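The values are calculated or read from the model by the stated rules, or taken from the named source; none is laboratory data. Owing to the predicted nature of the structure, the values given are computational and were not obtained by experimental measurement. Every residue, glycine among them, receives a Cβ derived from its backbone with ideal geometry; neighbour counts consider all protein chains shown. Just the protein is used for accessible areas: all its heavy atoms, side chains included, with ligands, DNA and RNA removed. Shrake-Rupley method; radii C 1.70, N 1.55, O 1.52, S 1.80 Å.
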Amino acid sequence: MNLKLRVWRQRSAAEKGKMVTYQVTDVSPDMSFLEMLDVLNEQLILDGEDPVSFDHDCREGICGSCGVMINGRAHGNGLFDDHPQTTTCQLHMRSFKDGDTIDIEPWRATAFPVIKDLAVDRSALDRIIQSGGYISAPTGTAPEAHSILVAKKDSDAAFDAATCIGCGACVAACPNASSMLFTSSKVVHLGLMPQGQPERNDRVVNMIHQQDLEGFGGCTNIGECSASCPKGISMENISRLNHDLLGALRAGARPKS
Amino acid sequence: MTVTHSGQRRTPKAAKTSSVFKKVVMAVSGIILVLYLIAHMVGNLKLFAGAETFNGYSEWIRRIGEPAVPGQTVLWIIRVVLLAAVVAHIWAAISLWRQAKRARPQQYVARKQVAQSYASRTMRWGGVILGLFVVYHLLDLTFGVANPAGHDATPYDRAIAGFSNPIVVGVYVVALLALGFHLRHGVWSATQTLGQSNKTRERTVNAFATVFAVVLTAGFLIPPLSVLVGIIE
Ligand code: HEM
Ligand code: SF4
Ligand code: FES
């Protein structure tokens, strides 16, 4: 298939970017979206042009490195009715038609400065994790699994939250550029586990504090995040985070500044 | 171990300026306003009971609590609480609006929203419409300065005089539809903000929000429309 791509080109965070149109030919429907971009880049290199930068690593939907806006949707999620929510690397060209025009842009948020073209700096999410996304249980040999019991519904909910891969699509899709879905998935994942209890109150106040410091917007419960999330992280996590936060503030937990 | 500085009684600045704290202010002040609106809507429906009952009701509001407290005390407490709620609500809304604008200065070239509702998208500008309407509404029916029957007419006569004018009723219709949308998303959002929603409750919360918004809007719209078409005279 032949496609017309309109790709955001930006040499560095300091320079202005713009959409540039490219034609790619002979794209196989079996290629992934990133392989299609590889084809474009090989063509650009042969033409002596600068290839398009984009992040990727596992290419199997588990690492959270990849992610671009495809036709105005994060990872293209929500565009294809017959396609489950997924990462950009797991989106395949069979979802498109010959002759399609595809707009490709980076995640846009103050907290995610563009490094180059489609690659953005998401270390703000790492700093949110650093501020509270850990437990203090001693590591070492794995303990006997039955020594600490966890209710089935809690372990299920914690596991669902733990599937977040930190890709940042929620921020990219949110009209407020809020990272609430990401932060809530971390808070809930650890907060539902017995091992996560010692830091539970501090975790939520510090992670929210860090999220604000990083320049993310506030959540207004619109739901674009969840509809764009490759792991289908539910809005319920945001409610749980809020519940934890109110409890923590009442218990006297305060962000360390 | 949990390091909670429980000696610290007052909420420090960092916690107060947190985006979630502002959302809580918005939710709590919104709920105060909603509770008032329910009572207000029920009161308005007394227009159907005729001039005497309606004017008597208006009198009664001024006398609640008498003789334990001097006349109008309760009315003024209600007014002060409402004013505080409106100020807090607008402060939080503007502050979060600015935070959101700072969070994405560069817009997308291509953008497609699939999950957001009309109600969620119009919270801010809809809120501005509501704010302007509240000012007009007070000038119209509370202070009477923007009312055709004027300041000295009885509450009933002021309502009839105002609502006989199609333009006035048009303004009320627009504002109340805006209120309906605001509450459709607001009720859901407040439930989330106060940490009371979850996967199983989500559908119920949303259904309740829709029903509540429709009932409140309809309840407010019926009296003005009835005056306009002559059911109430
Ligand atoms: C006067 C101008 C007003 C402005 C500028 C305004 C603005 C806003 C904004 C921006 C939100 C947050 C939206 C979101 O969460 O997506 C909100 C929420 C809300 N508003 Fe208003 N509003 C106004 C008036 C009112 C009035 C008169 C009421 C009372 C009926 C009200 C009730 C609510 C409720 C219940 C919420 C939900 C709180 C939450 O999101 O957690 N608002 N408002
Ligand atoms: S919540 Fe979903 S969209 Fe957000 S970072 Fe995690 S996996 Fe990505
Ligand atoms: S490259 Fe790892 S999730 Fe896409």
Top-ranked residue of the stretch B:107-129 - restricted to ones that are open to solvent by 90 Å² or more (accessible area, probe 1.4 Å) and of a type outside the set (Lys, Arg), ranked as farthest from the other protein chains (Cβ to nearest Cβ)
B:Trp125
Give the stretch A:54-93 a look and list any residue that's within 13 Å of another protein chain (Cβ to nearest Cβ) and either open to solvent by 50 Å² or more (accessible area, probe 1.4 Å) or within 16 Å of ligand 1 (Cβ to nearest atom) (or both), or say none.
A:Asp81, A:Gln85
Mind checking which residues of the stretch B:80-105 are farther than 20 Å from B:Ser19 by Cα and open to solvent by less than 90 Å² (accessible area, probe 1.4 Å)?
B:Val81, B:Leu82
Residue by residue through the stretch A:201-227, note down the ones that are more than 8 Å from chain B (Cβ to nearest Cβ), touching a residue at least 60 places away in the same chain (Cβ under 8 Å) and part of a helix (DSSP H, G or I).
A:Arg203, A:Val204, A:Asn206, A:Met207, A:Gln210
A:Cys229: touching a Cys at 6+ places or on another chain (Cβ under 7 Å), open to solvent by 10 Å² or more (accessible area, probe 1.4 Å) and away from ligand 3 (no atom under 16 Å from the Cβ), yes or no?
no
For the stretch A:100-109, indicate whether the set of residues that are out of contact with any Asp or Glu (no Cβ under 8 Å at 6 or more places or on another chain), within 14 Å of chain B (Cβ to nearest Cβ) and modelled with pLDDT under 95 is non-empty.
no
When A:Lys186 is run through (1) open to solvent by less than 40 Å² (accessible area, probe 1.4 Å); (2) at pLDDT below 95; (3) of a type in the set (D, E, K, R), the failure sits at (2)
Go through A:Cys89, A:Cys58, A:Cys66 for me and flag whichever is within 14 Å of ligand 2 (Cβ to nearest atom) and within 18 Å of A:Ile233 (Cα to Cα).
A:Cys66
So, of the residues in the stretch A:236-257 that are farther than 19 Å from A:Met193 by Cα and more than 7 Å from chain B (Cβ to nearest Cβ), which turns out to be surrounded by the most Cβ atoms within 10 Å (Cβ to Cβ)?
A:Lys256
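How about the stretch A:156-182: which of its residues are among the polar types (S, T, N, Q), more than 9 Å from every other protein chain (Cβ to nearest Cβ) and open to solvent by less than 40 Å² (accessible area, probe 1.4 Å)? Before you say what the answer is, go through the steps one by one.
To start, the set of residues in the stretch A:156-182 that are among the polar types (S, T, N, Q) comprises A:163, A:176, A:178-179.
Checking which are more than 9 Å from every other protein chain (Cβ to nearest Cβ) leaves us with A:163, A:179.
Passing the criteria: only A:Ser179.
Could you say whether any residue in the stretch B:204-212 is surrounded by 15 or more Cβ atoms within 10 Å (Cβ to Cβ) and away from chain A (no Cβ under 14 Å)? Please lay out each step first, then the result.
So the first thing to find is which residues in the stretch B:204-212 are surrounded by 15 or more Cβ atoms within 10 Å (Cβ to Cβ), and the list is B:205-206, B:209-210, B:212.
Now restrict to residues that are away from chain A (no Cβ under 14 Å): B:210, B:212.
Yes: the stretch B:204-212 contains one or more residues that are surrounded by 15 or more Cβ atoms within 10 Å (Cβ to Cβ) and away from chain A (no Cβ under 14 Å).
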For B:Asp140, the lone unmet condition from (1) more than 22 Å from the chain's Cα centre (by Cα); (2) surrounded by 18 or more Cβ atoms within 10 Å (Cβ to Cβ) is (1)
